[in-house]
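A.B. asks: Dumping the structure here so I can ask a few things about it.
Throughout, read-outs are computed from the coordinates displayed, never taken from laboratory work. This structure is a prediction, so every number in the text was calculated from the model and none was measured. Cβ placement follows ideal geometry from the backbone for every residue including glycine, while neighbour counts extend to all protein chains displayed.
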Amino acid sequence: MSQALQEDICEQDTQSFHQERGSDRRVGRDARFEHRERLQPTENDCAATIPKEMHCVVTGRDKFGKSIIVSDEPAKAITVAMLPGREFYRLWGSDAMVTLPSDGTPPQQPRFFPPKNGFRFGMFTLPPATSTNAAQQPPTPAELQDMEQKLPGVLDVVEADHPGMHTTDTVDFDVVVFGEVVLELDDGAEVALKAGDCVIQNGTRHAWHNRSSEKCVIAFSLVGADRTRP
């Protein structure tokens, strides 16, 4: 193929690309949403989209000041009997401001939610066709103990009369990695989120519901805040 012919084909492809994007901009918000729908993974893509084993890479500095890979290990999923089908990944966090340089030693994070000036980073999954508002049997003493041991502090913030609803003294940065989820707020307000969508929660009361037929994966960063009480 001649150089001139290659350049002509490239120019035609570029024009078609910009015409399509321009059409989306002209028709407004609906076209962008339709375009995002087309980009959603199909059922056949699921195996390639969600790895069977998620790894967490931690970096740091050695004694010579060079950046190094401190660890590259599979992330450990935490499961509890009270929340069947759900997985929690406590990847990193600290209860205080971090000082750099760091050798990559994990800071202390005894409780699931951070205190003021602390932070947490992790992920959690919601199984398909489930809701954190679903009716459940009262937990047994053994289940309560298991929950407090594996996810310390979570029982302190969840509402007994509205399962799934909770409020924390944190600013939460949530990103939907895979699947879709419904975020519920006060007075029944809801918003549907899909892969790539994000939420900034300013210490608001909320719950998560997966009403789809696929697993949902959400990554989160929590920053401890100071709440003014009435």
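A.B. asks: Listed here are the pairs K66/K116; K116/K194; K66/K150; K150/K215; which of them are more than 28 Å apart at the Cα?
C.D. replies: Too far apart for the 28 Å limit: K66/K116; K116/K194; K66/K150.
A.B. asks: Taking H as built 1.01 Å from N, whose amide H comes closer than 5 Å to the amide H of G164, not counting residues under 5 places away?
C.D. replies: Answer set, sorted by chain and number: E159.
A.B. asks: May I pose another question? Taking 1 over the mean of 1/r across every pair of different Cα atoms in the range 76-224, what Kirkwood radius in Å do you get?
C.D. replies: Computed over Cα pairs of the range 76-224, the Kirkwood hydrodynamic radius comes out at 16.0 Å.
A.B. asks: Determine ³J(HN,Hα), in whole Hz, for all residues of the range 208-215 in sequence, where each value follows from phi through the Karplus function 6.51 cos²θ - 1.76 cosθ + 1.60 and θ = phi - 60°; x replaces Gly and Pro.
C.D. replies: So the Karplus estimates, Gly and Pro as x, are 10, 9, 9, 9, 9, 9, 10, 5 Hz.
A.B. asks: Same structure again: With the crude spin-label approximation of a point 7 Å out along Cα→Cβ, what separation in nm comes out for A75 versus V223?
C.D. replies: Result for the modelled spin labels: 2.1 nm.
A.B. asks: Please say if the range 143-196 is rounded, prolate or oblate, where rounded means a/c under 1.5 for a ≥ b ≥ c the square roots of the C-alpha gyration tensor eigenvalues, and otherwise the choice is prolate for a/b larger than b/c and oblate otherwise?
C.D. replies: prolate
A.B. asks: Now, a different point. Going by amide H atoms built from the backbone, whose H comes under 5 Å of the H on E87, apart from near neighbours?
C.D. replies: T125
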